[in-house]
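Undergrad: Pasting a structure below so you can have a look.
Every number here is computed from the coordinates shown, using simple stated rules; none is lab data. Everything quoted here is computed from the prediction, not taken from an experiment. Please note: Cβ atoms are built from the backbone with ideal geometry, for glycine as well, and neighbour counts cover all protein chains shown.
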Amino acid sequence: MKVLIVGGGGREHALAWKVAESLQVNEVFVAPGNAGTANEPKVSNINIGAEEIDALLDFALEEQIELTVVGPEAPLTEGIVNRFQEQGLRCFGPSKEAAQLEGSKDFTKQFLVRNQIPTASYQTFESIIEANRYIEEVGAPIVVKADGLAAGKGVIVAESVEQAKQAVSDMLEHNRFGTAGNRVVIEQCLEGEEASFICIVDGEDVLPLATSQDHKRALDGDLGPNTGGMGAYSPAPIIDAKMEYTIMTRIIQPTVAGLLREGIRYTGFLYAGLMISPEGVPQVLEFNCRMGDPETQPIMVRLKSDLVDLLSAALNGNLGCVSAKWDSRAALGVVIASGGYPGSYRKGAIISGLEGSGSDQVKVFHAGTAMNEADEFTVSGGRVLCVTALGEKIAASRHAAYDSIKTIYFEDMHFRTDIGARALHGTTTSTV
Ligand code: AMP
Ligand code: GLY
């Protein structure tokens, strides 16, 4: 079987690596991929961007691709799955309609309230005056979100009324996030511990993947600006069997069933970003219509089942008949970013020490990497690598990941030294 993976980040490297392990798979193409996918056995990159749906479709038809797996949200919200399905191609991911769960925060909030699924109270605004009035009424802290896709940067957790008003003005008046910020969702600030709950969905049945948590802030101690994610680990200690049951019955199953009742059949990965209150009540912060990055990396190193079997079962509507096998060990991934990320950063630096940095226990997934003419690995994106290790417990996987990082170097490299601290000590104090 030939498989196409759409995207070029660490998540897509992990998906391509896992898919290539399947005995059913002869060839994996990644569009556009990175230097890591280019060097993976059975895997090659194609020079098509993740959002070039026409070109991807032509390629898939020509190469007789039997399964396409879409990594990032943008092509999903643009309807790549609808387009592939119209041509009779099997494409794993939600349709354009279903992807609104990530594409519009207002759509999702309305859906959650209508279906009595727990989430922060909120209102949506297009008018600055009304938004400001609401902010004054509720007070700080308060959260301001651009309605549309903003690459993980459209959420401002405002500590003061002034900061919240500034965020509204940036979005509604100064077009900071383009059309994504033409509408803002303003919501109650929730307290607790965040966790990611990611599932495979076949329209009706749900297969939860191993639990995970990521670290969104750029700096140690969960400080600094929000990023796409600076590291992640699996399992998430906060999600025990009882909590998993609560999340499935109060959040995930009502979401899938509610969508179906409203005429939307959700097939694909479904990622619930949750805040678990100190009393142990999970609430929805957001939905993503894809796997998380970097959560995918530790989740994939723990997956023992054939990923192609699981995705095929979902596409066939047979998910209820399969289960996933997981490595009982813990996995932890540390993202190495370019200095300056998530702001501007330099491209082109040469990455050394990658040879020999992997082992049975450690896998280095690439994200923003390329090869130069001298066949050296170079930096081409903000998040560059995700060094992911398995260990008996989180502490051991963490030790192995950080140990392996010691050999890797590029100018201005930056990584957090406290990935997993919350799982180990319940705080994010740096201890490495
Ligand atoms: P989102 O893209 O909606 O997940 O938001 C990005 C990050 O902002 C989340 O991971 C949280 O850390 C934070 N956040 C979003 N909504 C809230 C909320 N209602 N209360 C507190 N923090 C939030
Ligand atoms: N790690 C957060 C995300 O993928 O949205």
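Undergrad: Expected output is a single nm value to one decimal: the length gained when fully extending between A38 and M1, i.e. 0.36 nm times separation in residues minus the C-alpha distance. What is it?
TA: In short, 11.5 nm is gained.
Undergrad: Let me ask something else about it. So what's the net charge close to A313: Lys and Arg +1, Asp and Glu -1, counting the other residues with Cβ under 13 Å from its Cβ?
TA: Taking every other residue near A313 into account, the sum is -4.
Undergrad: Under a cut-off of 26 Å between alpha-carbon atoms, report the lysines in cross-link reach of K109, not counting same-chain residues fewer than 8 places apart.
TA: Reachable lysines: K96, K145, K153, K165, K216, K242.
Undergrad: Given the rule -39500 (n - 2.57) for each run of at least 4 DSSP H residues, summed and divided by the residues of the chain, what is its mean residue ellipticity at 222 nm, to the nearest 500 deg cm²/dmol?
TA: The helix-only estimate for the chain comes to -7500 deg cm²/dmol at 222 nm.
Undergrad: Taking 0.36 nm per intervening residue step and subtracting the Cα-Cα distance, what contour gain separates S277 from E130 on full extension?
TA: The span from S277 to E130 would gain 50.0 nm if fully extended.
Undergrad: If you don't mind, there's one more thing I want to ask. With the convex hull built on the Cα atoms of the chain, state its orientation-averaged projected area in nm².
TA: Directional mean of the projected Cα hull area for the chain stands at 19.6 nm².
Undergrad: Along the charge dipole of the chain, Cβ charges K/R +1 and D/E -1, which of I198, G103, G9 sits furthest on the positive end?
TA: Projecting each Cα onto the dipole axis, the largest value belongs to I198.
Undergrad: If you take every DSSP beta bridge whose two residues both sit in the chain, what share of them, in percent to the nearest 5, is antiparallel?
TA: Around 80 percent antiparallel, to the nearest 5.
Undergrad: Can you figure out the FRET efficiency of W326 with D360, using R₀ = 25 Å and their beta-carbon distance, to the nearest 0.05?
TA: After rounding, the FRET efficiency stands at 0.90.
Undergrad: Which of V281, V70, V256 moves the most in a Gaussian network model of the chain with Cα springs under 10 Å?
TA: V281
Undergrad: How far apart, in nanometres, would the label points at E262 and E21 be if each is projected 7 angstrom from Cα along the Cα-to-Cβ direction?
TA: Those two pseudo-labels are separated by 3.6 nm.
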